[in-house]
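*Asks:* The structure follows.
The values are calculated or read from the model by the stated rules, or taken from the named source; none is laboratory data. Note that the coordinates shown come from a computational prediction; the quantities given were computed from them, not determined experimentally. As a convention, Cβ positions derive from the backbone with ideal geometry for all residues, glycine included, and neighbour counts pool all protein chains shown.
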Amino acid sequence: MKIAQIAPLMESVPPRLYGGTERVVSHLTEELVKLGHDVSLFASGDSTTSANLVSCAPLALRLDPHVIDPIPYYMLMLDRVRRRAVEFDILHFHIDYLHFPLFRHLAGRTVTTLHGRQDLPDIKPIFLGFDDMPLVSISSDQRKPVANANFAATIHHGLPLNLMQPVFQPRGGYLAFIGRISPEKRPDRAIAIARSCGIPLKIAAKVDRVDEPYFRETIAPLLDGPDVQFIGEINEQSKNAFLGEASGLLFPIDWPEPFGLVMIEAMACGTPVLAFRCGAVPEIVEEGITGTIVETVEEAIAAIPRLLALDRRIVRLRFEERFSSARMSRDYVRLYRHLLQNLHGDTTEEGVTKLPVLGAVDTGTMN
């Protein structure tokens, strides 16, 4: 197949530092190329890929000091995709819904993976108004606020099996927190849990401009003392050692997490995950196998000994069975083929192809 992957422009593909969506797009693109598909990646010019790179901005927009408004760059990218759309069998978008009006007439040849939260009130009208655009959810929980949207599949994220090397005998002696410093990620909970257990905590996280007041007023005062170390944002090369040498990952979120890529990154290292029961967490963490799920800080503190006793070899094995990028790419190829087979199916009054909805892809059993 000839496939276009349309990535966000805020980060490169893969990102230099933080950037979950761009990382997933990179893994998917590389696996599709390995499968023999002709793939073009529409992304920032500093991206690295074995696919055909179509540069839509010189640098990742977040890292370009000259960029004030990202929207013009997205408009230029979408026009470039539109002009080349005839070249592709499938157009796979990872930019939320910006492309809906421009590509509605090609709905049957598009896939839109939703990477963010869907519980915000302004989102529902867009899916009702464009109910012919096939959508992919990255967890079953992500669908709940917009259950009547045109979901074609649920496909869990995956990572290359050789990306993270497992560490079965960690020597770090610390708990890890990695991601963003923001109220919904609850680094304050991580600090409280670690301190109550008497285990050092290392925090590897970025601070977005919008979250600087939260960091300054709420988190910075908690960083005093040698038991909590704030490392800042780390790159892909540093992440393996950071997660692998940790005794466990703390994922104490307080929001409807659509997936939580860091959880499977930790599992790839053999590191068990302690997570709060929010969003997709129960779909990703297997209780007593790859981690433990709690609802309060008190429960988390009590669960730490059980977490640290889990078999790290089994954690890694379950990652390999459930969350490989090869499995993810096969799931997407199956979906692409399904959509193309239905191009001549029933149509709406406007003549736009209306696709049947697939059942959720069982990513726990497909390897």
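*Asks:* Out of everything in segment 167-176 that is in contact with a helix residue (DSSP H, G or I) (Cβ under 7 Å, 6 or more places away or on another chain) and in a loop (DSSP other than H, G, I, E, B), what residue ends up being surrounded by the fewest Cβ atoms within 10 Å (Cβ to Cβ)?
*Replies:* That would be Phe168.
*Asks:* Yes or no: segment 40-57 includes at least one residue that is in a helix (DSSP H, G or I) and within 22 Å of Phe100 (Cβ to Cβ).
*Replies:* No: zero hits.
*Asks:* All but one of (1) crowded, with 19+ Cβ neighbours inside 10 Å; (2) under 17 Å from the mean Cα position of the chain (by Cα); (3) closer than 20 Å to Glu22 by Cα hold for Thr110; which doesn't?
*Replies:* For Thr110, the failing item is (2).
*Asks:* Sticking with this one: Scan segment 177-211 for residues that are in contact with a Leu (Cβ under 6 Å, 6 or more places away or on another chain), small (Gly, Ala, Ser) and either part of a loop (DSSP other than H, G, I, E, B) or not assigned by TED's automatic domain parsing to the domain that holds Ser238 (or both) and report the count.
*Replies:* Number satisfying all stated conditions: 0.
*Asks:* Could you tell me whether any residue of segment 124-134 is touching a residue at least 60 places away in the same chain (Cβ under 8 Å), in a loop (DSSP other than H, G, I, E, B) and of a type in the set (D, E, K, R)?
*Replies:* Yes; the residues of segment 124-134 include at least one that is touching a residue at least 60 places away in the same chain (Cβ under 8 Å), in a loop (DSSP other than H, G, I, E, B) and of a type in the set (D, E, K, R).
*Asks:* A further question follows. For segment 260-344, give me every one of the helices (runs of 4 or more DSSP H) that falls completely inside it and has 1 or more residues that are in contact with a Ser or Thr (Cβ under 6 Å, 6 or more places away or on another chain) and among the acidic types (Asp, Glu).
*Replies:* Counting at least 1 such residues, we get 281-284.
*Asks:* Something else now. Taking Met10 as meeting all but one of (1) out of contact with any Lys or Arg (no Cβ under 8 Å at 6 or more places or on another chain); (2) surrounded by fewer than 22 Cβ atoms within 10 Å (Cβ to Cβ); (3) in a loop (DSSP other than H, G, I, E, B), write down the number of the exception.
*Replies:* With (1) out of contact with any Lys or Arg (no Cβ under 8 Å at 6 or more places or on another chain); (2) surrounded by fewer than 22 Cβ atoms within 10 Å (Cβ to Cβ); (3) in a loop (DSSP other than H, G, I, E, B) applied to Met10, the lone miss is (1).
*Asks:* With Glu22, Glu31 as the choices, which residue is within 18 Å of Val333 (Cα to Cα), among the charged types (D, E, K, R) and crowded, with 22+ Cβ neighbours inside 10 Å?
*Replies:* Among Glu22, Glu31, only Glu31 is within 18 Å of Val333 (Cα to Cα), among the charged types (D, E, K, R) and crowded, with 22+ Cβ neighbours inside 10 Å.
*Asks:* From the list Pro8, Pro70, which one is closer than 20 Å to Val136 by Cα and touching a residue at least 24 places away in the same chain (Cβ under 8 Å)?
*Replies:* Testing whether each residue is closer than 20 Å to Val136 by Cα and touching a residue at least 24 places away in the same chain (Cβ under 8 Å) leaves just Pro8.
*Asks:* Can you tell me which residue is nearest to the chain's Cα centre (by Cα) among those in segment 86-107 that are part of a helix (DSSP H, G or I) and surrounded by 17 or more Cβ atoms within 10 Å (Cβ to Cβ)?
*Replies:* Looking at the filtered set, the residue picked out is Phe100.
*Asks:* May I pose another question? In segment 79-96, how many are more than 22 Å from Leu340 (Cβ to Cβ) and touching a residue at least 24 places away in the same chain (Cβ under 8 Å)?
*Replies:* 1
Each row is one residue, and each column tells you yes or no for (1) farther than 30 Å from His105 by Cα; (2) touching a helix residue (DSSP H, G or I) at 6+ places or on another chain (Cβ under 8 Å); (3) of a type outside the set (Ser, Thr, Tyr); (4) assigned by TED's automatic domain parsing to the domain that holds Val24.
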{"site": "Thr296", "(1), (2), (3), (4)": "yes, no, no, no"}
{"site": "Glu299", "(1), (2), (3), (4)": "yes, no, yes, no"}
{"site": "Ala302", "(1), (2), (3), (4)": "yes, no, yes, no"}
{"site": "Pro305", "(1), (2), (3), (4)": "yes, no, yes, no"}
{"site": "Ala309", "(1), (2), (3), (4)": "yes, no, yes, no"}
{"site": "Leu317", "(1), (2), (3), (4)": "yes, no, yes, no"}
{"site": "Ser329", "(1), (2), (3), (4)": "no, yes, no, yes"}
{"site": "Tyr332", "(1), (2), (3), (4)": "no, yes, no, yes"}
{"site": "Leu335", "(1), (2), (3), (4)": "no, no, yes, yes"}
